[in-house]
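Just below is one structure, and these are the notes that go with it.
The values are calculated or read from the model by the stated rules, or taken from the named source; none is laboratory data. Values in this document were obtained by computation on a predicted structure and should not be read as measured data. Cβ atoms come from the backbone with ideal geometry, glycine included; neighbour counts cover every protein chain shown. SASA here: full protein model, heavy atoms, side chains in, ligands and nucleic acids out. Shrake-Rupley method; radii C 1.70, N 1.55, O 1.52, S 1.80 Å.
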Amino acid sequence: MDKIARIDMGAAGGPKVTVGGLGDYAGLGGRAMTSLMVAAEVHPLAHPLGAENKLVISPGMLSGTTGSMTGRLSVGCKSPLTGTIKESNAGGQAAQVLARLGYAAVVLEGKPATDDIYKIYINKDGIQVIMDNSLKLMNNYPVIEKLRKEYGDKVAYMSIGSAGERKLLSASIACTDPELRPTRHCGRGGVGAVMGAKGIKAIILDDAGMKMRPPKDPEKYRDANRKFVEGLRKHPVTGEGLPAYGTNVLTNVLNEAGGYPTNNFKSGQFAKASDLSGETQAALEISRGGNATHGCHRGCVIQCSGIYNDKDGNYVTKQPEYETVWSHGGHCGISNLDTVAKLDYMDDNIGVDTIEMGVTIGVAMDAGLAEFGDDAGAIRLMEEVEKGTPLGRVLGSGAAITGKVFGVERVPVVKDQALPAYDPRAVQGIGVTYATTTQGADHTAGYAIATNILKVGGDVDPLKTEGQIELSRNLQIATAAIDSTGMCLFIAFAIMDQPETFQALLDMLGSFHGIEMTGDDVVALGKKVLSAERDFNTRAGFTKHHDRLPRFFYNEPIAPHNQTFMMKDEELDEVFNW
Amino acid sequence: METLVKQPATDQTTIRPLEKRLALQLAPDRLNAFFPLLQRGVTVPAIMGCSLRSLLCDQFAIPSDYVTDRITTIFINNRPLDDLDTTIIEDGLRVTLSAAMPGLVGATMRRGGFYAALRQGISHVGSNRQTADEMGVVRLKLFNLLLPELGPLILARGLLLEQDELDELLMRLPELSLHNPNGTGRTHLSATFGE
Ligand code: SF4
């Protein structure tokens, strides 16, 4: 990964490719690359869909190596949904292939003068930008089918569906999985709309003739990777729970805790949650000849994903994740897994974020566009998005816009991005991260639960309010660092509980680059990323008043605990005070 | 009167209202027919007044290192619990058992975990209240990895099923040819699994 490609889509005479060295971005990858580049190069007041915005695509620091779990791809830009800086990442094969091709980043710049659309083909010989208007307004599954006829099955694809071309604010960028299905999405923040605004429909990544990236110290790297994999395999979450049930194993637990937002955040429990649970889902998948244990990219040893078939054994979609099952399920009062799977397929195909879309449908239900629990109504609303009708364009632009258009007061967003599947009134500490993250409400922003090992900022007493603020800060720092490595965040449990597994991760990073890595280095990287993101947001006009949850969380107690969100504003303001 | 049913049943057996006990011997692969009920919650007879640890280890006969290492997430009446010893079993208590969960929220719910503070507003607070050690029931839920691991133990010990719960279960075990047309009230059901 010793080069950066810049593709100016607005160049006179057509798209222009420039490949250069790493310069100031040497050693970066993933979220560190995308956020530092966007912060340095994008005007903070740029229109997110305009020529001044850039879409930075970057594999993680360890992507393209033999290391396990290293296949996350980061995409960064100024978000059209939130107006903040945005990093959105996904699994699939793209990161590994792009890294092996030697690119630390591919940057889409400028804006095309016409409404032609292009595909980008990258192989060992270079980069071609090819106009292909035959792909116009195709959705992800058919577009990949069409491209496979031309480029075959030994490549990785990235694409946008019709939502991205229409520049809808919930539009995602799809990455293909090992079976070449467009199931892994950089979903959050409308990054697909930015790709659409650049006129890029698809990117084909072909690493034929390229080798794995070699570590500086191969023996140490191999040894560290072996210990890392051992650690993941022996931990009950990464070695058993996630492979058996996927992330949807959380449905029962969140519902039991009263933190499962139901019917657009009106209750913390859903009476039919067990119909949607990971346990029920895995049993159904297996009984239909699907698969409850599947990796989204080669080299994943956790394999939290799966294959969801219909009752006749035909493929419907990949195993919907917890957040998807919640957003299309309990949030909308829907308890039928087949309906959720169909909506998940539609999300992936049209190319929209499953969280944003599901939350939006719940808000639309509150507006009376369908009843809660109306499966057919939810599908009908998604069809509007697919067709690009005026109503569909409103819905596809997310929960905040839909709430405004239809006069709904209870709109669960922070910085206009929809909240994920955990009610902050039940789990107050999560609300701190939702409110203050640089990304808009985001459950993964404070996910990397390794802070007790990292001891960021020293030991804290988590039983004090300051402790919760400190924890949220530390979680966000650790997450920013892990998002930069290319590692899937689901490693977090094993590295939290098993110091030797965390050490193995540090040794992988160190031996790859031929340096000694310590926990302090990880903390420094995370802080650097967050500081740059925060600074960009400040320059874009965001203040502490944007670091708040919607008022209904403070005013409406939620069953069964009848609690409101009680964190004080001054406490929230302390999160980024380092 | 106890009805003992071995799988596969050859004749149709009808449970009459007075036959309140049902003991099943099933093939191991039929265990998963009980999972929907177990994750929604079942009524389990138990002696009241003891600690939760005693309920799990002494009454349910779960090995204590399993309780310590494997049952890492517990809810009492929807409240995540940290201390097994200060929770006293009372009639009607809802007890939910789960293995370790992923993600920050999973870590937050973990018993005595580093992140327990993030949910301190809803945590279960134990009591030293003394209650008589008489028979009662708890509403027990099993989640995820604990379904296949603890399910056989709980089912062998026996549980009380309402009519609709039994009807649903029998639908999942069609090979037994059992039905419950006139069933009323609760049935004490136990099940063992083996070849
Ligand atoms: S654990 Fe899940 S999300 Fe992470 S890399 Fe594996 S399959 Fe993908």
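Evaluated against (1) within 12 Å of chain B (Cβ to nearest Cβ); (2) in contact with a strand residue (DSSP E or B) (Cβ under 9 Å, 6 or more places away or on another chain), A:Gly403 falls short on exactly one condition, (1).
When A:Arg539, A:Arg534, A:Arg548 are checked against the criterion of being charged (D, E, K, R) and in contact with an Asp or Glu (Cβ under 8 Å, 6 or more places away or on another chain), a single residue qualifies: A:Arg548. Number of residues in region A:307-319 that are in contact with a strand residue (DSSP E or B) (Cβ under 8 Å, 6 or more places away or on another chain), more than 13 Å from the ligand (Cβ to nearest atom) and polar (S, T, N, Q) equals 2.
Counting only residues that are in contact with a strand residue (DSSP E or B) (Cβ under 9 Å, 6 or more places away or on another chain) and open to solvent by 50 Å² or more (accessible area, probe 1.4 Å), region A:288-306 holds 4 of them.
Would you be able to say whether some residue in region A:542-554 is within 14 Å of chain B (Cβ to nearest Cβ) and either surrounded by 22 or more Cβ atoms within 10 Å (Cβ to Cβ) or at pLDDT below 95 (or both)? Scanning region A:542-554, I find at least one residue that is within 14 Å of chain B (Cβ to nearest Cβ) and either surrounded by 22 or more Cβ atoms within 10 Å (Cβ to Cβ) or at pLDDT below 95 (or both), so the answer is yes.
In the set (1) more than 13 Å from the ligand (Cβ to nearest atom); (2) facing chain B (nearest Cβ under 9 Å), A:Thr262 fails one condition alone, (2).
Residues in region A:557-568 that are assigned to a loop (DSSP other than H, G, I, E, B) and open to solvent by less than 60 Å² (accessible area, probe 1.4 Å): A:Ala559, A:Pro560, A:His561, A:Thr564, A:Phe565, A:Met567.
Results for (1) within 22 Å of the chain's Cα centre (by Cα); (2) away from chain B (no Cβ under 14 Å); (3) away from the ligand (no atom under 15 Å from the Cβ), shown as yes or no for each residue.
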| residue | (1), (2), (3) |
| --- | --- |
| A:Asn252 | no, no, yes |
| A:Asn255 | no, no, yes |
| A:His297 | yes, yes, no |
| A:Val301 | yes, yes, no |
| A:Ser305 | yes, no, no |
| A:Glu321 | yes, no, no |
| A:Ala341 | yes, yes, yes |
| A:Asp344 | yes, yes, no |
| A:Asp353 | yes, yes, yes |
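Residues in region A:523-535 that are buried (at least 23 other Cβ atoms within 10 Å of the Cβ) and in contact with a Phe, Trp or Tyr (Cβ under 9 Å, 6 or more places away or on another chain): A:Leu530 alone.
The combined condition, being outside any helix (DSSP H, G or I) and within 13 Å of another protein chain (Cβ to nearest Cβ), is fulfilled by B:Arg139. If you go through region A:13-53 and keep only what is polar (S, T, N, Q) and open to solvent by 60 Å² or more (accessible area, probe 1.4 Å), you end up with just A:Thr18.
Can you tell me which residue is nearest to the other protein chains (Cβ to nearest Cβ) among those in region A:91-117 that are open to solvent by less than 10 Å² (accessible area, probe 1.4 Å), within 16 Å of the ligand (Cβ to nearest atom) and assigned to a loop (DSSP other than H, G, I, E, B)? The residue in question is A:Gly91. Only one entry of A:Ser134, A:Ser58, A:Ser88 meets the criterion of being more than 16 Å from the ligand (Cβ to nearest atom) and either within 14 Å of chain B (Cβ to nearest Cβ) or under 16 Å from A:Gly486 (Cα atoms) (or both), and that entry is A:Ser58.
State whether one or more residues within region A:268-276 are open to solvent by 10 Å² or more (accessible area, probe 1.4 Å), within 16 Å of the ligand (Cβ to nearest atom), within 9 Å of chain B (Cβ to nearest Cβ) and in contact (Cβ under 8 Å) with a residue 12 or more places away in the chain. No; the residues of region A:268-276 include none that is open to solvent by 10 Å² or more (accessible area, probe 1.4 Å), within 16 Å of the ligand (Cβ to nearest atom), within 9 Å of chain B (Cβ to nearest Cβ) and in contact (Cβ under 8 Å) with a residue 12 or more places away in the chain. Within the option set A:Ala208, A:Ala197, being away from the ligand (no atom under 16 Å from the Cβ), buried (at least 22 other Cβ atoms within 10 Å of the Cβ) and at pLDDT 95 or above holds for one residue only, A:Ala197. In region A:277-287, the residue that is nearest to A:Phe552 (Cα to Cα) out of those that are surrounded by 17 or more Cβ atoms within 10 Å (Cβ to Cβ) and more than 16 Å from the ligand (Cβ to nearest atom) is A:Ser277.
From the list B:Leu97, B:Leu56, the one residue that fits, being crowded, with 21+ Cβ neighbours inside 10 Å and away from every other protein chain (no Cβ under 14 Å), is B:Leu56.
Residue-level analysis places B:Glu149 outside the set of residues that are more than 11 Å from chain A (Cβ to nearest Cβ) and open to solvent by 30 Å² or more (accessible area, probe 1.4 Å). The condition (being within 15 Å of the ligand (Cβ to nearest atom) and in contact with a helix residue (DSSP H, G or I) (Cβ under 6 Å, 6 or more places away or on another chain)) is satisfied by just one residue among A:Gly76, A:Gly67: A:Gly67.
All of A:Phe542, A:Phe536 fail the test of being in a helix (DSSP H, G or I), assigned by TED's automatic domain parsing to the domain that holds A:Ile469, under 25 Å from the mean Cα position of the chain (by Cα) and of a type in the set (A, V, I, L, M, F, W, C), apart from A:Phe536. Out of curiosity, is A:Glu571 assigned to a loop (DSSP other than H, G, I, E, B) and either assigned by TED's automatic domain parsing to the domain that holds A:His47 or of a type in the set (Asp, Glu) (or both)? For A:Glu571, the condition - assigned to a loop (DSSP other than H, G, I, E, B) and either assigned by TED's automatic domain parsing to the domain that holds A:His47 or of a type in the set (Asp, Glu) (or both) - is not met. Picking from B:Ile88, B:Ile74, which residue would you name as being surrounded by 24 or more Cβ atoms within 10 Å (Cβ to Cβ), touching a strand residue (DSSP E or B) at 6+ places or on another chain (Cβ under 8 Å) and more than 7 Å from every other protein chain (Cβ to nearest Cβ)? Sole residue among the options that is surrounded by 24 or more Cβ atoms within 10 Å (Cβ to Cβ), touching a strand residue (DSSP E or B) at 6+ places or on another chain (Cβ under 8 Å) and more than 7 Å from every other protein chain (Cβ to nearest Cβ): B:Ile74. Comparison of A:Gly392, A:Gly368, A:Gly377 shows that the only residue that is of a type in the set (Gly, Ala, Ser), away from chain B (no Cβ under 14 Å), surrounded by fewer than 24 Cβ atoms within 10 Å (Cβ to Cβ) and not in a helix (DSSP H, G or I) is A:Gly368.
A:Asn225 meets the conditions (1) surrounded by 24 or more Cβ atoms within 10 Å (Cβ to Cβ); (2) within 14 Å of the ligand (Cβ to nearest atom); (3) outside the structural domain of A:Tyr121 (by TED's automatic domain parsing) in every case but one. The failed one is (2). Tallying residues that are within 14 Å of chain B (Cβ to nearest Cβ) and more than 17 Å from the chain's Cα centre (by Cα) within region A:478-501 yields 7.
Take the residues in region A:323-335 that are away from the ligand (no atom under 14 Å from the Cβ) and of a type in the set (Val, Ile, Thr), then tell me which one is farthest from A:Asp177 (Cα to Cα). Step by step, filter region A:323-335, then rank; the result is A:Ile334.
Within region A:144-190, the set of residues being β-branched (Val, Ile, Thr), open to solvent by less than 10 Å² (accessible area, probe 1.4 Å) and farther than 17 Å from A:Val316 by Cα comprises A:Ile160, A:Ile173.
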